[in-house]
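Read the figures in this text as sums done on the coordinates, not as results from a lab. Predicted model, so just to flag it, every value in this text is computed and none were measured. Glycine gets a Cβ as well: all are built from the backbone with ideal geometry, and neighbour counts include every protein chain shown.
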Amino acid sequence: MKQFSFLILLCMFLGVTAQAQVTFETKLSKKKLGLNERLRVDFEMNQDGDNFNPPSFEGFQVVGGPNQAISNSYFNGKRTYSKTYSYFLAPSSMGTKTIGQASIDIDGKTYKTAPVTVNVTKAVKLSKDGSNAEYLADENVHLVAEVSNANPFLSEAITVTYKLYVSHEVSITSNWREISTPKYADFWSQNINTQGNYKVYEGKYQGEDYRYVILRSTVLYPQKTGELDIEPLTLDIPIDVRSNKRDLFGRPRMVRVNKTVSAGNRTINVKPLPVQGKPDDFAGAVGDFEFRVQTNRTALDANEALALTTKISGKGNLKLFDLPSLKLPSALEVYEPERENQVTVQTDGMRGSIAETYTVVPQYKGNYPIRPISFSYFNPKTERYETVSSEEIIINVENGPVATAENTENNALAVENNLDNAQFKFIQLEGNLEPIDSTTFFKSKLFWTLLGAPMLLIPLVILAGRKHRERMADVEGNKLRKADRLAKKYLGDARKNMKDRVVFYESLERALHNYLKAKLNIETSDFSKDKISALLAEKQVAQATISEFIALLKSCEYARYTPTSDVAMQQDYEKAAQVISTIDKQIQ
């Protein structure tokens, strides 16, 4: 009897222990998938927990999730509970990928899942079955980059318009997410319109009726000749597709599919500006312009001020060249100009005017001509250089001191005046000469010193030459030193351009990239956030510092297309300087 009671108690104890045992595991929708397929990852537990931390999903893009589901049921008096966090992933490359450990806190203890591996193969052909939601999503949603001119001249404006075409067979919402944003490394660029309230248009795609929205239009001015690549815009879009199942009212049920769509690479062939007929004063202006020089007054007294303005207006690369320099007679004192830009960027390029206003103060009485100033530009419509000249302006200084004879060379209309001898009192007319030391130089101490010094310098010159040759032969070291100097230069450029948000973040991003190029010895084409994180971790850089660096890169990518305050720009600059200093201290 006692043995029987002991067995009953033992069974009850084992049952309670089994019921209280915590399970936390990773479940995959498939162990093998194509590069163009999606993977569902479920982290499932049998008890409720807190502080869930997913893995980094290295080698994947998170295109959906996390979604949370809870199941709580009773059967024959037994409670069954499960809680699941789900993610949808898109592989970024082929090969064997590892889904790392996830962790969660349950009853004061931390539980972790075991790592699992996934084999990613080359892209597979999706089923063309009309009932396949993946196939229907691929066939009915398209992202297109339309280029206004694929063969422009250097510094001629082109426009890239990103359109999202959606057929009437499927529907989407505006909750799409950018996976990769185009970088225009060899262009001056500015977005015309960004995310917001999109207007839906009716149009044609490959001859079929489609709806489309214009996501954004970007104006580009190529800064190099030859073939230039425009990186694709890539989006993750939730798409609602009709299924074969029906609801209670007979209507087809909708299935949501997350798809990645890309506009694809576009290549622009940039033509160089013609050499024939190029004016000597051409400074890079490309477009159609007008040029004027004007003053607010032409008659005044000496030591009074007038404003002289040079102004270029029209359509073209107005922000990318300087106005012609001003040359005036020396009797007119000229101060540094104040620049005024009234330029707007529209879908066909820059329009408006740029002007420089000089403050001019005449010193003497007389008539002073401001000779015509010429301005040359290249007109891409006529494919010719054109030169515009201003009209001559005469400044009449009515009252004031009369110019000296020396100033008449710069002013043919100035009146000659007799000079007071007191003006030359600073010139010393009588010399105060003393005999020099007649000591013999030959065989003196100075003679032997000057003779022997070159002999002593020869070993130093040889050593310095050897060091110089070693330094020049160190190709890798020279490359790293150059990248380091470029990082410092771009960081300085970013500080100078805090008034221009686009230029500031482009300079800041180039500084960060060149710094990594110097420290990690990787080419710019190798840059990816996952690789940067892995390489910095190998160099013993703290994870918090790596996260700050990656966050700063992301801030540079997105801030160029979203409004940013001066305070935020200053904070990003200070963060960049601080994180570079921190990595320098930690890297090994």
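A few notes on this one:
- Multiplying the residue separation of Thr347 and Lys278 by 0.36 nm and removing their Cα-Cα distance gives an extension gain of 22.0 nm.
- Integer Hz, Karplus 6.51/-1.76/1.60 couplings in order for segment 457-474, x for Gly and Pro: 7, 4, x, 5, 5, 4, 5, 5, x, 5, 4, 5, 5, 4, 5, 5, 6, 7
- Between segment 295-342 and segment 132-152, the alpha-carbon center distance in angstrom: 50
- Student exercise, segment 271-351 dipole from Lys, Arg, Asp, Glu Cβ charges, in Debye to nearest 20: 400
- Relative packing of peptides 30-36, 276-282, 165-171 - highest average C-beta neighbours within 10 Å first: 165-171, 30-36, 276-282
- Going from the fewest other Cβ atoms within 10 Å to the most, the residues Ser29, Ser555 appear in the order Ser29, Ser555.
- Approximating the spin labels as points 7 Å out from Cα along Cα→Cβ, the Arg371-to-Ser444 distance works out to 5.3 nm.
- The charge dipole of segment 19-121, taken about its Cα centre with unit charges on the Cβ atoms of Lys, Arg (+1), Asp and Glu (-1) only, comes to about 360 debye.
- Label-reachable residues, segment 73-115, where backbone N falls under 12 Å from a point 7 Å from Glu25's Cα toward its Cβ: 114
- In segment 287-409, a dipole from Cβ-located charges (positive for Lys and Arg, negative for Asp and Glu) runs towards its positive end, and of Ile395, Asn317, Thr359 it is Asn317 whose Cα lies farthest in that direction.
- Remark: Phe504, Phe447 ranked as Phe447, Phe504, counting other beta-carbon atoms within 10 Å and listing the fewest first.
- Total lysine pairs in segment 133-270 at Cα distances under 29 Å, for residues eight or more apart or on different chains: 12.
- Peptides ranked, highest mean first, by Cβ atoms within 10 Å: ranges 343-349, 360-366: 360-366, 343-349
- For segment 528-588 versus segment 56-106, the inter-centroid distance based on Cα atoms is 29 Å.
- Phi to ³J(HN,Hα) by Karplus 6.51 cos²θ - 1.76 cosθ + 1.60 over segment 145-156, Hz, x for Gly, Pro: 10, 9, 9, 5, 8, 8, 9, x, 7, 4, 6, 8
- Debye, to nearest 20: dipole size of segment 178-237, +1 on Lys, Arg Cβ, -1 on Asp, Glu Cβ: 260
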